[in-house]
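Heads up: the structure comes next, in structure tokens.
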Amino acid sequence: MVVAAKSEAASPVAEGARHPLDPLTAPEMEQAAALVRGRHTSRQLRVVSIALREPLKRDVLAFSPGDPIVRRAFVVAIDRADGKLYEGVANLATDRLESWVHQPGAQPSPTMDEYMDADRVIRADKGWRAAMKRRGVENLDLVQIDPWPAGNFGDPREQGHRILRGISYVRDEQASNGYARPVEGLVAVVDLNEQRVLHLVDEGNAPIPEADIRYDLESQQPVRDDLKPLDIVQSEGVSFTLEGHELSWQRWRMRVSHHPREGLVIHQVGYEDPASPASGDADARGELRSICYRMSLSEMVVPYGDNSPGQYWKNAFDSGEIGLGRTTNSLTLGCDCLGEIVYLDGLVAEPRDGTRTIENAICIHEEDFNVLWKHTNGANDGAAEVRRSRRLVVSSWATVGNYDYGFYWYFYEDGSIEHEIKLTGIIQTMAVGRGAPSGSAQMVAKNLAGPIHQHFFCVRMDMDIDGTKNTVQEVESRPLPPGPDNEHHNVFEAVVTPIRSERESGRKVHSPTARHWRIANPSRTNAVGEPVAYALFPGETADMMAGPESAVAKRAEFATKQLWVTREAPDELYAGGAYPSQTTGGDGIPSFVSAQRALERQDVVLWYVVGTTHIVRPEDFPVAPVHRSGFALRPWGFFDTNPGLDVAPSRMACGHLVGECTCDHGAHGNGAH
Ligand code: CO
């Protein structure tokens, strides 16, 4: 059944799975949870996540519609009675738990009910109540407590405990912006298993800032009233189709789903190439050429750069320690997404039982995006050829504490793919007493500063350029030394070097040589005899400022470089390790590349790190305007020519094609006849 593309929510869980990569349905998650609870009967067992156990890639690639599908669920749970983490695989076809294994030493990300427990435990703590009283805070009900992932700073009091760090904000009323009034230097470290405050940090004497600086609509009256409507109308509907989770638009094909940990995941991105007719294809639609098997945000981390007791430990791994899937927003038509929208829902397992549907978790729509290509031919009486660019947008949003992140994948008619991360929400704040803060924080309001910090996003892309056997190349532009080959001192050339093994992985950007990377298929050549390829062009990048001996550099080694390349392995999904909570480092990327596997003509996985350094500015408060950061994947000899040549010209308001119009628009206005 083709889901008619219209503005109504399309339910992804209405029917059983028709493809091996379809995410789990609610009954499947409940079946998996029941199998686990049948085996592990502790009443303190809490489900951290239940996700599809993806079949092996070779089995998915061999799948044809109608083939039998084996469905498996991967369950992560914690027994709060002893703090032990368990992993299980449930076979949903045979209704059997195939494995149930304790993972010693690992801490899963805290569950949502553990975050709520931390709030309750802190509020009940005598020491915390006394600290608030000392600061003159009367109404504790209005205090906002943000429990944070704890990290691991070697404090012997904390080793072996499952902890969160709670910080407090004072609000004048429920709708106030707590971040305007932080309680500086007060950090309650909560033991989640023992349900008590393990120790309380109470340092510094910065007063609580007084002003309730808000951003909600009520606080901003009157709002501007001088914008006329800008309507986005697609009178004949959208140009894409969504069949189950399979999305088709122009020549793009892909599978879109919501993952309980990663959030938005796109599988099997391919391009139907009419220039390369598929053999024996009667309707001559062209070969479906693979580009990427799986793309998602693997991990992210936000290290703060201030030394004060309330700040130095802030290093949230927003995916592995919190979860971008379970913090995914339900999107609203007309606000988050404008125009003709098709949504996909998300689904997450609840810790105690049941599931929670995140309605409208993924937004799919088209956008007019200015000019795809143009030329005005002066030698031909100024005849102009111009094509509008239309792009397909697949996006989702997550709110992680104070910050909000939008994850956008754009697909273009020239074969390009772009990933854009939108950063907005509220900055971390710190109260400042007399005097200006040092360079590691910026004043944003009276007695209120924003600590300097960085955001690192590691995007995992299992690239499959025309098949699974690819080679990654580093490309740099270099001037030739002066000499007979460079007598005019103008010569420079592109130097292409393969990344031969994981030993050479861990690459940094280098702007003087415009360093970037290509993913090539050496066994398939284009019309000029070179390997077909896609190129990865960096956007904003940042070097990690925290030193190599810092806790965050050890735990988030993936963020110390911009590009890592590994050999595809089904259990290597997370750049900071499967369970980064309270680790001391070594998991994830450093462990993967230590295998030093050869990479040429192999099934390669790219791990690209987008980094942004956020020196906070006054305009970032009380809510920060969206900051955009990302990268691009562009075809590099993947096609033999500009694949957007055959895009049809747009019609003008007068109905003529651009270039054909002889109407006198100046005289008649707006193209009216
Ligand atoms: Co920021």
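Where the second residue is of a type outside the set (S, T, N, Q) and within 16 Å of the ligand (Cβ to nearest atom) and the first is free of Cβ contacts under 8 Å to residues at least 60 places away in the same chain and lies in segment 598-622, which pairs have Cβ atoms under 8 Å and are six or more apart or on separate chains?
Cβ pairs passing all conditions: E619/P625.
Looking at (1) outside any loop (DSSP other than H, G, I, E, B); (2) in contact (Cβ under 8 Å) with a residue 12 or more places away in the chain, which is the one condition that is false for R58?
Going through the list (1) outside any loop (DSSP other than H, G, I, E, B); (2) in contact (Cβ under 8 Å) with a residue 12 or more places away in the chain, R58 breaks only (2).
With the condition kept exactly as written, say whether any residue in segment 136-144 is within 19 Å of D117 (Cα to Cα) and open to solvent by less than 10 Å² (accessible area, probe 1.4 Å).
The answer is yes; a qualifying residue exists.
Can you pull out the residues in segment 522-535 that are surrounded by fewer than 23 Cβ atoms within 10 Å (Cβ to Cβ) and either free of Cβ contacts under 8 Å to residues at least 60 places away in the same chain or under 24 Å from the mean Cα position of the chain (by Cα) (or both)?
Correct list: R524, T525, G529, A535.
If S219 passes every condition in (1) buried (at least 20 other Cβ atoms within 10 Å of the Cβ); (2) part of a helix (DSSP H, G or I); (3) hydroxyl-bearing (S, T, Y) but one, which one does it miss?
It fails just one condition, (1).
Might you let me know whether segment 341-363 holds any residue that is part of a helix (DSSP H, G or I), small (G, A, S) and out of contact with any Lys or Arg (no Cβ under 8 Å at 6 or more places or on another chain)?
No, segment 341-363 contains no residue that is part of a helix (DSSP H, G or I), small (G, A, S) and out of contact with any Lys or Arg (no Cβ under 8 Å at 6 or more places or on another chain).
What residue, of D155, D141, is over 31 Å from the mean Cα position of the chain (by Cα), over 30 Å from P618 (Cα atoms) and among the acidic types (D, E)?
From the options D155, D141, the qualifying one is D155.
How about segment 421-438: which of its residues are near the ligand (Cβ under 10 Å from one of its atoms) and either at pLDDT below 95 or among the small types (G, A, S) (or both)?
Once the filter is applied, which keeps residues that are near the ligand (Cβ under 10 Å from one of its atoms) and either at pLDDT below 95 or among the small types (G, A, S) (or both), segment 421-438 yields only G425.
Would segment 394-416 turn up any residue that is of a type in the set (A, V, I, L, M), farther than 25 Å from G323 by Cβ and modelled with pLDDT of 95 or more?
No: zero hits.
Give I426, I421, I417 a once-over and let me know the one that is within 19 Å of P209 (Cβ to Cβ), surrounded by 19 or more Cβ atoms within 10 Å (Cβ to Cβ), touching a residue at least 40 places away in the same chain (Cβ under 8 Å) and among the hydrophobic types (A, V, I, L, M, F, W, C).
On inspection, the qualifying residue turns out to be I426.
What pairs come out if I take residues in segment 229-246 that are touching a residue at least 40 places away in the same chain (Cβ under 8 Å) and pair them with residues that are open to solvent by 70 Å² or more (accessible area, probe 1.4 Å) and assigned to a loop (DSSP other than H, G, I, E, B) whose C-beta lies under 6 Å away, six or more apart or interchain?
Once the first residue is touching a residue at least 40 places away in the same chain (Cβ under 8 Å) and sits in segment 229-246, its partners that are open to solvent by 70 Å² or more (accessible area, probe 1.4 Å) and assigned to a loop (DSSP other than H, G, I, E, B) give I232/L338; T241/V2; E243/V2; G244/R18.
Test of understanding: among G310, G320, G325, which residue is part of a helix (DSSP H, G or I) and open to solvent by less than 10 Å² (accessible area, probe 1.4 Å)?
Residue meeting the stated conditions: G320.
List pairs: first residue in segment 439-457 and within 12 Å of the ligand (Cβ to nearest atom), second residue among the basic types (K, R) anywhere in the structure, Cβ distance under 7 angstrom, at least six positions apart or on different chains.
Filtered contacts from segment 439-457: Q442/R617.
For segment 624-642, how many residues are crowded, with 18+ Cβ neighbours inside 10 Å and within 12 Å of the ligand (Cβ to nearest atom)?
So the answer is 2.
List pairs: first residue in segment 126-141 and in the same structural domain as G204 (by TED's automatic domain parsing), second residue of a type outside the set (V, I, T) and at pLDDT below 95 anywhere in the structure, Cβ distance under 7 angstrom, at least six positions apart or on different chains.
Correct list of pairs: empty, since none qualify.
From E262, E287, E243, grab the single residue that is open to solvent by less than 10 Å² (accessible area, probe 1.4 Å) and either among the hydroxyl-bearing types (S, T, Y) or touching a strand residue (DSSP E or B) at 6+ places or on another chain (Cβ under 9 Å) (or both).
Sole residue among the options that is open to solvent by less than 10 Å² (accessible area, probe 1.4 Å) and either among the hydroxyl-bearing types (S, T, Y) or touching a strand residue (DSSP E or B) at 6+ places or on another chain (Cβ under 9 Å) (or both): E262.
Looking only at segment 328-339, count how many residues are open to solvent by 50 Å² or more (accessible area, probe 1.4 Å) and either among the acidic types (D, E) or without any contact (Cβ under 8 Å) to a residue 40 or more places away in the chain (or both).
4
Restricting to segment 592-617, count the residues that are open to solvent by 60 Å² or more (accessible area, probe 1.4 Å), away from the ligand (no atom under 14 Å from the Cβ) and closer than 30 Å to L423 by Cα.
0
Take segment 117-143 and flag every residue that is of a type in the set (A, V, I, L, M, F, W, C) and in contact with a Pro (Cβ under 9 Å, 6 or more places away or on another chain).
Hits for segment 117-143 are A118, I122.
So, in segment 70-83, how many residues would count as being surrounded by 18 or more Cβ atoms within 10 Å (Cβ to Cβ) and not aromatic (F, W, Y)?
8
Among (1) closer than 18 Å to P207 by Cβ; (2) in a loop (DSSP other than H, G, I, E, B), where does G151 come up short?
(1)
Say we look at segment 441-492 and pick out the residues that are in contact with a Ser or Thr (Cβ under 7 Å, 6 or more places away or on another chain) and open to solvent by 70 Å² or more (accessible area, probe 1.4 Å); which of these is farthest from A316 (Cα to Cα)?
Among those that are in contact with a Ser or Thr (Cβ under 7 Å, 6 or more places away or on another chain) and open to solvent by 70 Å² or more (accessible area, probe 1.4 Å), it is F492.
When both residues are 6+ apart or on different chains and their Cβ atoms are under 6 Å apart, which pairs have a first residue that lies in segment 342-358 and is assigned by TED's automatic domain parsing to the domain that holds A26, and a second that is at pLDDT 95 or above and open to solvent by 40 Å² or more (accessible area, probe 1.4 Å)?
From segment 342-358, no pairs qualify.
The values are calculated or read from the model by the stated rules, or taken from the named source; none is laboratory data. Just so it is clear, the model here is predicted, and its values are computed rather than measured. Cβ atoms come from the backbone with ideal geometry, glycine included; neighbour counts cover every protein chain shown. Only protein heavy atoms, including side chains, enter the accessible area calculation; ligands, DNA and RNA are left aside. Shrake-Rupley method; radii C 1.70, N 1.55, O 1.52, S 1.80 Å.
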